[in-house]
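Asker: I have a structure here, written as structure tokens, and I will follow up with some questions on it.
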Amino acid sequence: MIKVTFIEYDGTRTTVEGRNGDSVMSLAAAQGIDGIVAECGGGMMCATCHCYVDDKWFARTGPRSDDEADMLDCAVAEVRQTSRLSCQITLSDALDGLVVHLPETQV
Amino acid sequence: MNDGHVVIVGAGQGGVQAALSLRQEGHGGAITLIGDEEGLPYQRPPLSKDYLKTGQAERLALRPADYFDRKAINLWTGRRVDGIDRAARRVHVGQDTLTYDRLILATGTRNLIPPIPGIGRAFGLRTLAEAKGLRDALNGTRRIAVIGGGFIGLEVAAVARAGRHEVHVAEAAPRLMSRVLSPQMSERFRAKHEALGTRFHLGNGVTELRDGCIVLASGETIDADLVLLAAGVRPNTELAEAAGLAVDNGVVVDPLLRTSDPEIYALGDCCAFPDPESGNHVRLESVQAATDQARAIARTIVHGAQEPYAKVPWFWSDQADWKLQIAGLADPDATSVTVGEDTVFRFSGNRLCAVETINNAKVHMQARKLLARRPAPAYDDLARCGFDLGRETEKDRV
Ligand SMILES: Cc1cc2nc3c(=O)[nH]c(=O)nc-3n(C[C@H](O)[C@H](O)[C@H](O)COP(=O)(O)OP(=O)(O)OC[C@H]3O[C@@H](n4cnc5c(N)ncnc54)[C@H](O)[C@@H]3O)c2cc1C
Ligand code: FES
């Protein structure tokens, strides 16, 4: 199992376990994390699964793809260098312990 | 109002969002969410896409089981609301009666079943139960016939072709997805699906289903082991109608999404709301409309009257490796301008009303931003900048 910690805008921390191959978004949805809306269910169509990868982890998740960047352009919250769409981050053993921060709002 | 009992009829995409948004907006009173389907509320879009390929039903749930408890949302599944007593502000659910302060109708739609002999043999695709049935039946069949060349029929056709089924699609209209899409895009998708091996019978409705084949209006018969009916839907408005609420192709609501009874709201697939551009009542079938309307209603209930509902509609459909995205809303007589291979701009009079793209998230998102401006950009302005929405959206920054 791969541990992921979500830190919501109000500081709420939730650590949950996912499987290899899950996306960070699907893990958040399965656990009912409020800060991820994921309206399109992972289709890279909505930009409501925006997260900020913790600085310490950003090198491991890597940067966004071009299409992802186009979608993020329309995310409601501020886009930072560490912004990703959580549906585009796939869990692997290398990401065990991953920490992501969630924006104030997704819609 | 932030106490009081809110009852939500229908636990689909919009009903669930309404319950969550009420809590997020600070509603402290009771919330009861009632749905007639069994099991946890789920997303429908994957039913004709990923789910059909993978069969992973556990990925469809909108929220986990314990979530509703955590948010103090009373979730009643497998229960049907049979009647509304507006004078007493009560709903009837089998033997049970619930009193409400506000009621939200989120009853969605059901498959439209045309009166064709033998139609009972066809599969439908609206619910997870139907999707399971279709998936099981697809295994081990070779020849598929789809009635209806709309989004769902075409998504299934693409999945079935990828699974090496023989696929025929019969559509009474002369072109694909004609209700919402430009003729140019219909044509692009026809060519795409034909290249994948799907065979179309356009302007050729189905007149009969027989054992092992369908019969077309032209008299032709097409062999098929499995028939999918995907010829549109009907809004579930009977409950509203019986309660004396105004209904006209959907439960009619005002700009605050209130029905003709101000204590009762309606949202999503079942509601007809005033389009802020034209003022005409429209009914949309999209996740966007269901969820944005749910959020708007929650704000109105908790904080009192808000701005009139005016969110830009958007929609997507996955067909093979093409992602179709539509921003805005075009009526059938909107004019179209094709830009490049993958984009069609649609105009109502001189104003941009919708943008259709294939695999082009950037233009889609730019269009959503632009259409949120009122008035929408004029044709001449867009033509002057070569239909480059990037240059138009730049204006936002000054
Ligand atoms: C196969 C498929 C693919 C789709 N793909 C896309 C897509 O790619 N993109 C997109 O934007 N949209 C898509 N849609 C449309 C989208 O799923 C709907 O627009 C959305 O689900 C509407 O939400 P809703 O809450 O209005 O209705 P629904 O989600 O349909 O929920 C209504 C619920 O109310 C229940 N109900 C009705 N009457 C009663 C009653 N009296 N008592 C209790 N419960 C009742 C119904 O059984 C149902 O469960 C798709 C739909 C289908 C079927
Ligand atoms: S869930 Fe919609 S873009 Fe990630």
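Asker: Springs between alpha-carbon pairs under 10 angstrom, Gaussian network model over chain B: which of B:ALA129, B:ALA290, B:ALA18 fluctuates most?
Answerer: Evaluated over chain B, the most mobile residue of the options is B:ALA129.
Asker: Can you work out the FRET efficiency for the pair B:LYS53 and B:ARG210, with r the C-beta to C-beta distance and R0 = 35 Å, to the nearest 0.05?
Answerer: For R0 = 35 Å, the calculated efficiency reads 0.75.
Asker: Calculate the FRET efficiency for B:SER260 and A:SER92 from the Cβ-Cβ distance with a Förster distance of 56 Å, rounded to the nearest 0.05.
Answerer: Values: r = 54 Å, r/R0 = 0.97.
Computed FRET efficiency for B:SER260 and A:SER92 comes out at 0.55.
Asker: Using the Cα centre as the reference, give the magnitude of the dipole from point charges on the C-beta atoms of the range B:41-174 (Lys, Arg: +1; Asp, Glu: -1; all else neutral), rounded to the nearest 20 debye.
Answerer: Working: 22 positive and 13 negative charges, 26 e Å.
Computed about the Cα centre, the dipole is about 120 debye.
Asker: Over chain B, what is the relative contact order in whole percent, taking alpha-carbon pairs under 8 Å and six or more residues apart?
Answerer: Relative contact order for chain B comes out at 15 percent.
Asker: Set the Förster radius R0 to 60 Å, insert the Cβ-Cβ distance between B:ALA87 and A:ALA59 as r into 1/(1 + (r/R0)^6), and round the FRET efficiency to 0.05.
Answerer: Numbers: r = 64 Å, r/R0 = 1.07.
After rounding, the FRET efficiency stands at 0.40.
Asker: Quick one: net charge of B:HIS281's neighbours, Cβ under 13 Å, K/R +1, D/E -1?
Answerer: -4
Asker: Let me ask you something else. When the C-alpha atoms of the protein assembly as shown are aligned to their principal axes, what extent does each axis show, in angstrom, from largest down?
Answerer: 66, 57, 52
Asker: For the range B:169-290, what is Rg from Cα atoms divided by 2.2 N^0.38 Å, rounded to two decimals?
Answerer: 1.39
Asker: Now for a separate question. In the P(r) worked out for the range B:321-397, what percent of Cα pairs fall beyond 22 Å?
Answerer: 13 percent
Asker: Placing +1 on the Cβ of each Lys and Arg and -1 on the Cβ of each Asp and Glu in the protein assembly as shown, which of B:THR109, B:PRO174, B:GLY279 has its Cα farthest towards the positive end of the resulting dipole?
Answerer: Of B:THR109, B:PRO174, B:GLY279, it is B:PRO174.
Asker: Same structure again: Please state the shape class of the range B:304-355: rounded when a/c is under 1.5, otherwise prolate if a/b exceeds b/c and oblate if not, all from the C-alpha gyration tensor.
Answerer: Oblate, since a/c reaches 1.5 and b/c is not below a/b.
Asker: What residue among B:THR54, B:THR198, B:THR32 shows peak mean-square fluctuation when chain B is described by a Gaussian network model with Cα springs under 10 Å?
Answerer: Its mean-square fluctuation being the largest, the pick is B:THR54.
Asker: Ok, one more. Just the Cα atoms of the range B:162-239: what Rg and Dmax do they give in Å?
Answerer: Rg then Dmax for the range B:162-239, in Å: 14.1, 45.
Asker: Quick one: the Cα spread of the range B:250-305 along its three principal axes, in angstroms, biggest first?
Answerer: 26, 22, 19
Asker: So if I place +1 on the C-beta of Lys and Arg and -1 on the C-beta of Asp and Glu, and nothing else carries charge, what would the dipole magnitude of chain B be about its Cα centre? I want it in debye, nearest 20.
Answerer: 680 debye
Asker: Return the whole-Å distance between the Cα centroid of the range B:320-390 and the Cα centroid of the range B:104-139.
Answerer: 33 Å
Asker: Next up: For the range B:113-231, just the Cα atoms, rotate onto the principal axes and tell me the three extents in Å, largest first.
Answerer: The principal-axis extents, from largest down, are 35, 29, 24 Å.
Asker: Another one. Under 10 Å, Cα contacts only: if you run a Gaussian network model on chain B, which one of B:GLY197, B:GLY153, B:GLY14 comes out with the highest mean-square fluctuation?
Answerer: Of the options given, B:GLY197 has the highest mean-square fluctuation.
Asker: Let me ask something else about it. For the range B:113-231, calculate the relative contact order in percent as a whole number, restricting contacts to Cα pairs under 8 Å that are 6 or more residues apart.
Answerer: Computed value for the range B:113-231: 36 percent relative contact order.
Asker: Another question about this same structure. Can you pull the Rg over Rh of the range A:2-101, Cα-only, Kirkwood? Kindly include the intermediate steps, with their values, before the conclusion.
Answerer: Details: Rg = 12.0 Å, Rh = 13.2 Å.
Looking at the range A:2-101, the ratio lands at 0.91.
Asker: Taking the C-alpha atoms of chain B, how large are the radius of gyration and the largest Cα-Cα span, Dmax, in Å?
Answerer: Rg, Dmax (Cα atoms, Å): 21.9, 65.
Asker: Next question. Just the C-alpha atoms of the range B:30-148: what Rg/Rh do they give, with Rh taken as the Kirkwood radius?
Answerer: Across the range B:30-148, the Cα-based Rg/Rh ratio is 1.05.
Asker: Still on this model: Round to a whole angstrom and tell me the spacing of the C-alpha centers of the range B:227-293 and the range B:1-21.
Answerer: Using only Cα atoms, the two centres lie 16 Å from each other.
Asker: Something else now. Once every DSSP H run of n ≥ 4 in chain B is given -39500 (n - 2.57) and the sum is divided by its residues, what mean residue ellipticity at 222 nm do you get, rounded to the nearest 500 deg cm²/dmol? Show your work: numbers first, answer last.
Answerer: Working: 11 runs with 105 residues, N = 398.
One gets -7500 deg cm²/dmol as the mean residue ellipticity at 222 nm.
Asker: Further question on the same structure: Stretch B:ARG79-B:MET1 to full length: gain in nm at 0.36 nm per residue minus the Cα-Cα span?
Answerer: My answer for the length gained is 25.4 nm.
Asker: Further question: Give a quick list of GluC sites (Glu not before Pro) in the range A:31-107 that DSSP marks as loop, anything other than H, G, I, E or B, with at most 13 other Cβ atoms within 10 Å.
Answerer: Listed in order of number, the matching sites are A:GLU78, A:GLU104.
Asker: May I ask you to list the lysines whose Cα is less than 20 Å away from that of B:LYS71, ignoring any residue fewer than eight positions away on the same chain?
Answerer: Within the straight-line limit of under 20 Å, B:LYS71 reaches no lysines at all.
Asker: Output the pairs from A:LYS3/B:LYS311; B:LYS49/B:LYS369; B:LYS53/B:LYS192; B:LYS311/B:LYS362 with a Cα-Cα distance over 29 Å in this structure; if there are none, say none. Let's see the in-between values first.
Answerer: Numbers: A:LYS3/B:LYS311 37 Å; B:LYS49/B:LYS369 27 Å; B:LYS53/B:LYS192 20 Å; B:LYS311/B:LYS362 19 Å.
Over 29 Å apart, Cα to Cα: A:LYS3/B:LYS311.
Asker: Based on DSSP, what percent of beta bridges with both residues in the range B:113-231 are antiparallel, to the nearest 5?
Answerer: Bridges in the range B:113-231 are about 35 percent antiparallel.
Asker: Viscosity 0.890 mPa s, temperature 25 °C: Stokes-Einstein D of the range B:253-398 from its Kirkwood Cα radius, in µm² per second?
Answerer: Rounded to a whole number, D works out at 151 µm²/s.
Asker: Right, next: Please figure out what share of the DSSP beta bridges in the protein assembly as shown is antiparallel and state it in percent, rounded to the nearest 5.
Answerer: 60 percent
A short reminder: the numbers here are calculations on the coordinates, not readings from a lab. Being a predicted model, the structure only gives us computed values, none of them experimental. All Cβ positions, even for glycine, are placed from backbone atoms using ideal geometry, and neighbour counts span all protein chains on display.
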